2 protein chains.
Amino acid sequence: MSIIPAPPARQAGTEPDSPWRSGGKRRRDRELKRDAVIRAAARAFDARGFHNTSLADIALALQVTKPTLYYYVENKEDLLFQCFLAGLEGIERTLAEALESHDDGRTRLRRVLRGYALAIASEYGWCMVRAADQDLGPERGAQVKARKAGIDQGIRRLIRAGIDDGSLGTLDPKLTAFAIAGALNWIAHWHRQDSSLRPETIAEEFIGFFERGLLPRPPQHRPSTP
Amino acid sequence: MSIIPAPPARQAGTEPDSPWRSGGKRRRDRELKRDAVIRAAARAFDARGFHNTSLADIALALQVTKPTLYYYVENKEDLLFQCFLAGLEGIERTLAEALESHDDGRTRLRRVLRGYALAIASEYGWCMVRAADQDLGPERGAQVKARKAGIDQGIRRLIRAGIDDGSLGTLDPKLTAFAIAGALNWIAHWHRQDSSLRPETIAEEFIGFFERGLLPRPPQHRPSTP
């Protein structure tokens, strides 16, 4: 697809998110525009569901033409996939960094869980967790499945590293990774994008609970959380 | 609906779950038959999804006629609702017992989380977690929502009780309840009914992780888990 984007319709709109309409400070960079398309789609899918959202709705929200969207994405399935990737890439980046780092398992795991929580609490959370796999089509669906499995394996590896270096207690890495991923994925089911609860607060509280658990800890063993 | 169940078709079937076909040991009790209908529906929905399962499929699995099913349930939405209730009632029972008990918060919470984990890991888990709310229709959907909210409130109450009596550490009851419910609900996304992993094992591992957390605990503070 190589349709040149239509010139932006200059309007005194109130939505601040469209790089096409930002008057004097118009940014032409393709990546920024593409990000805006994906973010608008993520918000629309989150608000109305995948099947109730058309490309025309997303074009309207961004005040661009539908052909402009095709400059950035192939079709609606691709758009859902790009939304998924936009959230996933943040987690994969922290995971790659953590796996290369020489810090202890606990520190590395905490970094990844923080990135994971922030991604799910972002506007991409719905696409990452609540969209139906079959809406992606078989090929993209298989890619999503493989990349989710990669994250699961990475988390298990960090748990094992923490058990081995003594920074974590003795746990079943597989079931613990499932419990953690479930708690984090579920954020997409209850967290509203318009909530006053900050994603950072959710991440800190969840990691605190994961690390310390429900039972009281004697003060000398309380971890020196930054 | 008061259609008298059709006389059982006596067949040398191999499926042991149909009380209509159990030859000499035929149990006429309506409740048992109703439970079998609901269990068969739960398994079919889990295996094929709600929209891909017809009442005719469920009747066929039980080797009864479709009118027989209408003796027990109103329609497919009602059947989904009954599957949801079959799982939910176990949790509500443990919650009601826990809220009346004089044990400490930790003990009472653990009992509820165990019942919750076993319900989600059962054949009813799919209906409880993965079925779409809109498939229940507005009235039953609202009931489901209210009863889920009741369980959430009950768990928060037990967490608060545990903080107050010192059996649990200081935590945010709301976010901790969300984290726990997410971890437990997610079991329905990864646990296969034909898995060799026993629901009791999942429950024990998850509760162990919830209570002790990821960080090592000194032996003298390790809880005396039964």
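The values are calculated or read from the model by the stated rules, or taken from the named source; none is laboratory data. Note that the coordinates shown come from a computational prediction; the quantities given were computed from them, not determined experimentally. Backbone-built Cβ (ideal geometry, glycine too); neighbour counts: all protein chains shown.
B:LEU197 passes every criterion in (1) closer than 29 Å to B:LEU79 by Cβ; (2) out of contact with any Gly (no Cβ under 9 Å at 6 or more places or on another chain); (3) assigned to a helix (DSSP H, G or I) apart from (3).
A:GLU123 fulfils the conditions (1) in a helix (DSSP H, G or I); (2) more than 14 Å from chain B (Cβ to nearest Cβ) except for a single criterion, (1). Inspection of segment A:92-113 finds no residue satisfying the criterion of being among the charged types (D, E, K, R), outside any helix (DSSP H, G or I) and within 26 Å of A:GLU139 (Cβ to Cβ). Quick one: in segment A:206-226, which of the residues that are at the interface with another protein chain (Cβ under 7 Å from one of its Cβ atoms) and in contact with a Lys or Arg (Cβ under 8 Å, 6 or more places away or on another chain) is modelled with the lowest pLDDT? The selected residue is A:HIS221. Within segment B:48-65, if we keep just the residues that are of a type in the set (A, V, I, L, M, F, W, C) and in contact (Cβ under 8 Å) with a residue 40 or more places away in the chain, the residue that is nearest to B:GLN134 (Cα to Cα) turns out to be B:PHE50.
Out of curiosity, is A:ALA181 surrounded by 20 or more Cβ atoms within 10 Å (Cβ to Cβ), over 23 Å from B:THR107 (Cβ atoms) and either over 15 Å from the mean Cα position of the chain (by Cα) or at pLDDT below 95 (or both)? Don't jump to the end; show me each part of the working.
On the way: surrounded by 20 or more Cβ atoms within 10 Å (Cβ to Cβ): yes; over 23 Å from B:THR107 (Cβ atoms): yes; either over 15 Å from the mean Cα position of the chain (by Cα) or at pLDDT below 95 (or both): no.
No, not satisfied.
Residue count for segment A:167-176 under the criterion of being charged (D, E, K, R) and facing chain B (nearest Cβ under 7 Å): the result is 1. Is it the case that segment B:132-153 has a residue that's touching a residue at least 40 places away in the same chain (Cβ under 8 Å), crowded, with 16+ Cβ neighbours inside 10 Å and within 23 Å of A:ALA203 (Cα to Cα)? Within segment B:132-153, none of the residues are touching a residue at least 40 places away in the same chain (Cβ under 8 Å), crowded, with 16+ Cβ neighbours inside 10 Å and within 23 Å of A:ALA203 (Cα to Cα). Scanning segment B:189-205 for residues that are closer than 24 Å to B:PHE45 by Cβ and either surrounded by 17 or more Cβ atoms within 10 Å (Cβ to Cβ) or facing chain A (nearest Cβ under 8 Å) (or both) yields B:HIS189, B:TRP190, B:HIS191, B:PRO199, B:ILE202, B:ALA203.
Is at least one residue of segment A:37-47 more than 17 Å from the chain's Cα centre (by Cα) and in contact (Cβ under 8 Å) with a residue 60 or more places away in the chain? Walk me through it before giving the result.
So in segment A:37-47, the residues more than 17 Å from the chain's Cα centre (by Cα) come out as none.
Within segment A:37-47 (the criterion being more than 17 Å from the chain's Cα centre (by Cα) and in contact (Cβ under 8 Å) with a residue 60 or more places away in the chain), the answer is no, since none of the residues qualifies.
Are any residues in segment B:35-54 farther than 22 Å from B:SER195 by Cα and surrounded by fewer than 17 Cβ atoms within 10 Å (Cβ to Cβ), and if so, which ones? B:ASP35, B:HIS51, B:ASN52, B:SER54, listed by residue number.
Which of the residues that make up segment B:134-150 are away from chain A (no Cβ under 12 Å) and among the aliphatic types (A, V, I, L, M)? Within segment B:134-150, B:LEU136, B:ALA142, B:VAL144, B:ALA146 meet the criteria. Return the residues of segment B:82-116 that are of a type in the set (A, V, I, L, M), over 22 Å from B:ALA41 (Cβ atoms) and crowded, with 22+ Cβ neighbours inside 10 Å; say none if nothing qualifies. B:LEU95, B:ALA98, B:LEU109, B:VAL112, B:LEU113, listed by residue number. Evaluate segment B:177-188: report whether one residue or more is at the interface with chain A (Cβ under 7 Å from one of its Cβ atoms) and outside any helix (DSSP H, G or I). Among the residues of segment B:177-188, at least one is at the interface with chain A (Cβ under 7 Å from one of its Cβ atoms) and outside any helix (DSSP H, G or I), which makes the answer yes. For the structure I just gave you, tell me whether B:ALA161 is facing chain A (nearest Cβ under 7 Å) and touching a residue at least 24 places away in the same chain (Cβ under 8 Å). Here the answer is no, as B:ALA161 does not meet what is asked.
Right, B:GLN153: away from every other protein chain (no Cβ under 13 Å) and part of a loop (DSSP other than H, G, I, E, B) or not? Against the criterion (away from every other protein chain (no Cβ under 13 Å) and part of a loop (DSSP other than H, G, I, E, B)), B:GLN153 does not qualify.
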